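The values are calculated or read from the model by the stated rules, or taken from the named source; none is laboratory data. Only a predicted model underlies this, so the values are computations on that prediction, with no experimental measurement involved. All Cβ positions, glycine included, derive from the backbone under ideal geometry; neighbour counts span all protein chains shown. Each accessible area value is taken on the protein alone, full model and side chains, heavy atoms only, with ligands, DNA and RNA left out. Shrake-Rupley method; radii C 1.70, N 1.55, O 1.52, S 1.80 Å.
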Amino acid sequence: MLCLVGLVAGGFVGVPKLHHAWSLRQEPVELTCLALLQSGVPEQTSIVRLSDPVVHPPGEMELPGDEAAAMPGLAKMQALLADPRAKGLVDQLVRGDILPRGVPRRSGHQPLKLSMGRSTVASAQNEIDQNGTVTVHVSEDQTVQFIVKVASLLHLTLPETLAAQAELPAYTLHPVSLIGSRREALAWTIGGSLTLALGLVLCGSATLGWWVIFSPFAAIIGLPGIAFRNGRGNRITRRIGAALGVGFLVAAFYLAGSIGAIGQSGGQWLWHVAGWLAASIGLAALSGTWLNRRIDRVQGRSVDALVQFASPKKKQSKAKREADFNRQIASKPPQLQNILDASEYTRRYLDAKLSVSLSSETSGELAVQASSLEKMEFDAPLVIEHCAEDQLISATVQIGCRKLVMIVMEETAHGLKIRLTSILEDGHVILSSGGVEDRFNRDFSGDVATVHFFDSSNAAKLVTLHLERAASVAEQRQTKLVLLDPNEWRDLIHYSERCLAQTMHEQKLERWDVLDSHYGRFSFPPKAVLTPAMA
């Protein structure tokens, strides 16, 4: 709806108003109607004072009778226009004719037509009654020629009268007295462009789902946003997006200014709209790139503000990563190490940086466990990367069990680390851990999370144990589990880890300063979780 409203407001209202407003800088020339027809739009100006005009007001809007009778589509349109309820719309669409004084009006094509609306006809007639002349903005109307060209390319059959009309000149006359101010024109044009750009950004941000069947138009115009969605945005895609945005803005000036000659004599509305559309798309591309970069900055902070890490350019073997890590720990200043080891030291909790791995392959025990989960109707594993203790760690994310459980598995040098997550409707997090767990090895619970540790490295078995505990906790809290969307894996990890840090702080296992935050439909401190529309 935003795209359509922006298109109408900017392309069909704002752009013509802007062209007319900028044309007022030109000096008017006085011509007769016949001279205008013979010479066309003057090269130096598009503002013309007609010295011998006669206005022929429009009747009811009618389509050519022969074609309307022969073509069912035109006949239906004629019936709709004849409906009394359509009178308000018809009054905005009809156009009056301008003929030289003393020339009778004949049926058929009239080359000089006023712009649409009965009010336009009344304004022109009023000026003629007072001055005997009318000052108008003249532009060549090539709409019929454009329709015929498109129909010819698509091999469509058009009425004979329409094809014959395309061979004759046609001019649109807009009374200068009806031209608004530049400020009004800019408000319509810029407002429509911003509205269209916002609609494009929103359509490009929506995750794909069943709604695309009912809103195919929104899904089609949102396709360019796939490059940024679900963690795909990176430095390369952002640079491409910014370059495309700047390219569209440059193309907008070329289309509307150089080719379309906006505000000048001989300007073409179609090229003006093409330039305006290019500017709106460029603005949407730049806005989407900036928003993706801003989200990446918010979500891409280190887990520990005191540790500055740099992601390695190439993946290293586990043994080399461990050796590098031990070497870095040994080289830390004793004062900093003593502070980190002191139990009274409290660190501010910051979200880990998560990104989708360029490699989607898994191997070893991790691949075996992920495959076993797929047999239990879990999604295919998504390989992600995160930084921990100066290292780039790979992990897999899968959501399944009727979308009630998210499982994250990470292969370490000492074995497989498995973390299962479920969310209750009141926002309470249920975490289960198995395999190699380096932060805790017992059960505990708090206000925001309940944590279970199982001495097992079998992912399928852990799923069963986790669901039993989750159902028990949900029954105790008199609520139920929330359905999880595979596209919100990043929000789920960040939210559950923040709740885990708060619970470990309450249990005095670790000391954290956990601030308020929100991730999609999940908020910390926990609140009631909104149910997704397409659950």
Share of accessible surface on carbon and sulfur in the range 436-535, whole %, 1.4 Å probe and ligands ignored, is 46 percent
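Probe of 1.4 angstrom, ligands and nucleic acids ignored: what's the accessible area per residue over the range 360-498, in square angstrom?
Details: 5910 Å² over 139 residues.
Value returned for the range 360-498: 42 Å² of accessible area per residue.
Multiply the residue gap between THR157 and GLN507 by 0.36 nm, knock off their C-alpha separation, and tell me the result in nm, one decimal place. Mind dumping the intermediate values first?
Values: separation 350, 0.36 × 350 = 126.00 nm, distance 7.85 nm.
Full-extension gain reported as 118.1 nm.
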At the level of C-alpha centres, the distance separating the range 180-196 and the range 459-529, in angstrom, is 47 Å
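So if we plug the beta-carbon distance of ILE190 and ARG229 into 1/(1 + (r/R0)^6) with R0 = 22 Å, what FRET efficiency do we get, rounded to 0.05? Don't jump to the answer; show the numbers that get you there.
Values: r = 28 Å, r/R0 = 1.26.
About 0.20, to the nearest 0.05.
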For LEU291 the rounded accessible area (nearest 10 Å², probe 1.4 Å, non-protein molecules ignored) is 70 Å²
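Among DSSP bridges having both ends in the range 87-182, what percentage is antiparallel? Round to the nearest 5. All intermediate terms of the calculation are to be shown ahead of the outcome.
Working: 6 of 9 bridges.
Expressed as a percentage, antiparallel bridges in the range 87-182 total about 65.
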The FRET efficiency for TYR254 and GLN145, from their Cβ-Cβ distance with R0 = 25 Å and rounded to 0.05, is 0.65
Note to self: C-alpha centroids of the range 392-442 and the range 142-175 sit apart, in Å, by 65 Å
Averaged per residue, the 1.4 Å probe accessible area of the range 107-196, protein heavy atoms only, in Å², is roughly 56 Å²
In nanometres, the difference between 0.36 nm per residue of separation and the alpha-carbon distance of ASN458 and PHE12 is 154.3 nm
Lys and Arg at +1, Asp and Glu at -1: neighbours of ILE190 with Cβ under 14 Å from its Cβ sum to +2
Most packed first (mean Cβ within 10 Å per residue), the peptides 234-244, 373-383 order as 373-383, 234-244
In whole µm²/s, the translational diffusion coefficient that Stokes-Einstein assigns to the range 431-495, given a Kirkwood hydrodynamic radius over C-alpha pairs, 20 °C and 1.002 mPa s, equals 163 µm²/s
Reduced to Cα centres, the span from the range 213-290 to the range 106-138 in Å works out to 37 Å
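Measure up LYS417/LYS527; LYS353/LYS417; LYS87/LYS149 against 24 Å on the Cα-Cα distance and list the ones that go over.
Details: LYS417/LYS527 29 Å; LYS353/LYS417 19 Å; LYS87/LYS149 31 Å.
Correct reply: LYS417/LYS527; LYS87/LYS149.
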Site LEU89, offset 7 angstrom along Cα→Cβ, radius 20 Å on amide nitrogen, limited to the range 180-223, gives none
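Sort 364-371, 399-406 for me by packing, meaning the mean count of neighbouring Cβ atoms within 10 Å per residue, highest on top. Could you put the intermediate results ahead of the total?
Details: 364-371: 16.2, 399-406: 19.9.
Put in order of decreasing packing, that is 399-406, 364-371.
Between PHE444 and VAL246, what FRET efficiency follows from the Cβ-Cβ distance if R0 is 60 Å, with the result rounded to 0.05? Present the calculation step by step, with values, prior to reporting the outcome.
Numbers: r = 53 Å, r/R0 = 0.89.
Efficiency computed from Cβ-Cβ geometry: 0.65.
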Packing-ranked peptide list from 87-95, 514-522, highest mean Cβ count within 10 angstrom first, is 514-522, 87-95
So the carbon and sulfur contribution to the accessible area of the range 179-268, 1.4 Å probe, in percent, is 72 percent
Simple spin-label estimate for ARG402/SER181, 7 Å along Cα→Cβ, in nm, reads 6.4 nm
